[in-house]
1. Within segment 117-149, how many residues turn out to be surrounded by 22 or more Cβ atoms within 10 Å (Cβ to Cβ) and over 21 Å from Asp466 (Cβ atoms)?
2. Val189: on the phi < 0 side of the Ramachandran plot and assigned by TED's automatic domain parsing to the domain that holds Gly40, yes or no?
3. Starting from residues that are of a type in the set (Ser, Thr, Tyr) and part of a loop (DSSP other than H, G, I, E, B), keep the ones in segment 300-326 and report whichever is surrounded by the most Cβ atoms within 10 Å (Cβ to Cβ).
4. Pick from Ile92, Ile53: which is outside any loop (DSSP other than H, G, I, E, B) and within 23 Å of Ile255 (Cβ to Cβ)?
5. Would you check which residues across segment 327-382 are surrounded by fewer than 22 Cβ atoms within 10 Å (Cβ to Cβ) and among the basic types (Lys, Arg) and list them?
6. Of all strands (runs of 3 or more DSSP E) completely enclosed by segment 198-258, which ones contain at least 1 residues that are in contact with a Cys (Cβ under 6 Å, 6 or more places away or on another chain)?
7. Would you call Ala240 assigned by TED's automatic domain parsing to the domain that holds Cys226 and small (Gly, Ala, Ser)?
8. For segment 252-276, which positions are closer than 28 Å to Lys331 by Cα and touching a helix residue (DSSP H, G or I) at 6+ places or on another chain (Cβ under 9 Å)?
Amino acid sequence: MMTQVQGEGSGANPLRSICIVGGGTAGWSAAALLARVLRGSGCRITLVESSAIPTVGVGEATIPPIFDFLRNIGADEVEFIRRCQATFKLGIQFRDWLHCDHAYWHPFGNLGVTINQRPFHHYYCRNLAQGHGESLADLCPSVALAEDGKFAFPSPDGNWPGGAVAYALHFDAGLVAAFLREHAEAAGVERLDRRIVGATRGEGERIAAVQFDDGESLAADFYIDCSGFRGLLVEETLNAGFEDWKRWLPCDSAIAAPTAAQQQRAPYTVATARSSGWQWRIPLQHRTGNGLVYASDFISDADAHEELLSGLDGEPLADARVLRFTAGLRKRAWVGNCLAIGLSAGFLEPLESTSIHLIHTGLNRLLDLFPDRGFDPALADAYNRDVWREYAHIRDFLLLHYVPNRREGEAFWDHMRSLDLPDTLAEKIELFTRAGRIMSKQRELFSDISWFYVMHGMGLEPAAIDPLVDVAPSAEVRKVIDQLSGAMKAFRSAAPTHDAILERLLDPSETRRPHFGTGRGWATR
């Protein structure tokens, strides 16, 4: 919970003005959060966007920290769900990635329970090695609910299985930007509908002012570049440089087309491997989002379009749109008095729904290292180092979905198996396949259990299991697994459908609302 204290800043040289260049999810997220944090400081926040320039607007899936951001800006989660046509997301189902006709889950939430201080995935691996047949759905509540098309908020007591559920949202990105804009403007952010054509530099690596197409200009102390892939300020004006990761992540194009809403809206994202990339399906209240992410070196745009259409569940509601991108990040996201956020800072394909999360972590990092008008270079240096670590961590996790594939005879998938991996990923895979261990670092987005879900799903098996697991007698562990499996059956049987939960939230007469992400159930507000 964020406690807001109003009053004058104590810094000797505080920022007096911030100019956010570009709207969309990135720009209006920045505006909404900064307006909340800087309320009462006297700092003027101006967002400049042109209604003649469309935003990318296809980011439709998130991960659980989205609720932290909504709380931090003071948004009402139920209102957000209603206004943004949102549905719940328990995880991602990956189809055909290991090989055709194979599927696995990367769910949110926990697997089983800790036994003798050892993570449960070690016992799960031993259980399989001993010939027992429990699946993830028998021991992971989020998978069980997803498979049944159901949904449940974490149980009030936090006990397993309800306490192991975690969730995020799917939503309409265009509606999200409008929601955030309304929120930010109500908090005092000024919006200018102007077209920026460039910027002038001041002393050193600083922006002096942005230039409008009518010859006028706007000066500010601090600039946040949310201009998209172009990087109008950070790249075109300040020459931050770009670190290209296409050698590891060759997908450089996406084509998107919506279809009608599903009759039963699934509480999860589907990512299906295709000939030269993968296809997403994201259920919203009012429509289904679909798209194909592909490597243009392996398939033409025309063939990609046909492949997308062949994988749709219905007729497209609009013409397909093609987007181009390059995986990687700015060599410096923060240069002088300019910070890149969102696509201006970098891009990693949306396989694990991290794009919007990277906007929010970029903003949180800014708050951790917030400058005054002196712009101490140490702040920018620390910020840029941390950005690189975060992007490299996610890059490695995305690669893990591709590298172990067994889709022999397909050029793209053969290429992905032959990659020369980053040392960080190669070491992680070796540690797991040899000893069954996963060593995530503090503050990394994907924890040990996420790595396990994908490693296990992609067919990686440990040659040895943690010997501390054998301290617990097999018979006693089996009793625990039987108890968990029994509790899961009762839990998934009693859970309501995803659509039933949505109908309740969308009912204007409903006065009881869930405590999102707190595990305290429903309450009257």
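The values are calculated or read from the model by the stated rules, or taken from the named source; none is laboratory data. Model, not experiment: these values are computed from the prediction. Please note: Cβ atoms are built from the backbone with ideal geometry, for glycine as well, and neighbour counts cover all protein chains shown.
1. Qualifying residue count, segment 117-149: 6.
2. In short, yes.
3. Thr326
4. That would be Ile92, the only listed residue that is outside any loop (DSSP other than H, G, I, E, B) and within 23 Å of Ile255 (Cβ to Cβ).
5. Answer for segment 327-382, where residues must be surrounded by fewer than 22 Cβ atoms within 10 Å (Cβ to Cβ) and among the basic types (Lys, Arg): Lys331, Arg365, Arg373.
6. By residue number, 207-212, 222-225.
7. Yes, satisfied.
8. Of all residues in segment 252-276, those closer than 28 Å to Lys331 by Cα come to 252-255.
Across segment 252-276, the qualifying residues are Ser253, Ala254, Ile255.
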